Amino acid sequence: MKYLEGTLEIMSPSRRHEFNKKIIALLVEAHFLEIGIDFYPLGSTTFRKQTAARGIEPNECYCFNSEKSIPDLAIEVVVTSGGIDDLVIYQGLEVPEVWFWQNHQFSLYYLRGNKYESISKSEFLPNLDSNVLASFVMSDEKPREIILKFLQHIRKSNS
């Protein structure tokens, strides 16, 4: 569900969408656990701001260090695009960082002032290479194997 200034968009997620969303969440959360990052997973909680006439349900989202009313990071899996620009909604909600998974790659954005800037690496997770993460998301292996290999990669990178 997305809402922006009088326009409501409702999408029904496909199996591919949900699989990618879940694999991304499992990998990102494995990274948090392995690196020792305190996080609060908020999944697809609805966030809205009446005064800004907008609301959205991210595919996955997280707060870091403490639970907050607005997530620090929102992740969107884009299989088909609708008419509402998600970044405009997130901008009005003041979500600091937003990632999009589309066409087998990540696009990352960070809110500086009141405008999103495209970034090459996460401000919150600077040691997580989005290209490496993408390669694990695209793996044809079983989910358990993907996660175990990702954990091995993290451990090897940090030794």
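The values are calculated or read from the model by the stated rules, or taken from the named source; none is laboratory data. All values reported here derive from a predicted model rather than from experimental measurement. For neighbour counting, all protein chains shown are included, and Cβ atoms are generated from backbone atoms with ideal geometry for every residue, glycine included. Remember, those area values only see protein heavy atoms, side chains included, never the ligands or the DNA or RNA. Shrake-Rupley method; radii C 1.70, N 1.55, O 1.52, S 1.80 Å.
Some points to look at:
- Where a residue in region 98-123 is without any contact (Cβ under 8 Å) to a residue 24 or more places away in the chain and open to solvent by less than 90 Å² (accessible area, probe 1.4 Å) and its partner, wherever it lies, is part of a loop (DSSP other than H, G, I, E, B) and of a type in the set (D, E, K, R), with Cβ under 7 Å and at least six apart: 110/123; 111/94
- Residues that are β-branched (Val, Ile, Thr), in contact with a helix residue (DSSP H, G or I) (Cβ under 9 Å, 6 or more places away or on another chain), under 20 Å from residue 35 (Cα atoms) and at pLDDT 95 or above are absent from region 98-118.
- If only residues of region 124-143 that are in contact (Cβ under 8 Å) with a residue 40 or more places away in the chain and closer than 18 Å to residue 72 by Cα are counted, the one that is surrounded by the most Cβ atoms within 10 Å (Cβ to Cβ) is 125.
- Pairs meeting the criteria (first residue in region 41-70 and on the phi > 0 side of the Ramachandran plot and of a type outside the set (Lys, Arg), second residue at pLDDT 90 or above and open to solvent by less than 50 Å² (accessible area, probe 1.4 Å), beta carbons under 9 Å, at least 6 apart or on different chains) are 43/25; 43/60; 43/61; 65/37; 65/39; 65/72.
- Under the condition of being in contact with a Leu (Cβ under 7 Å, 6 or more places away or on another chain) and of a type outside the set (Phe, Trp, Tyr), the residues counted in region 123-136 number 2.
- When restricted to residues that are within 21 Å of the chain's Cα centre (by Cα), touching a residue at least 60 places away in the same chain (Cβ under 8 Å) and open to solvent by 70 Å² or more (accessible area, probe 1.4 Å), region 144-158 contains 0.
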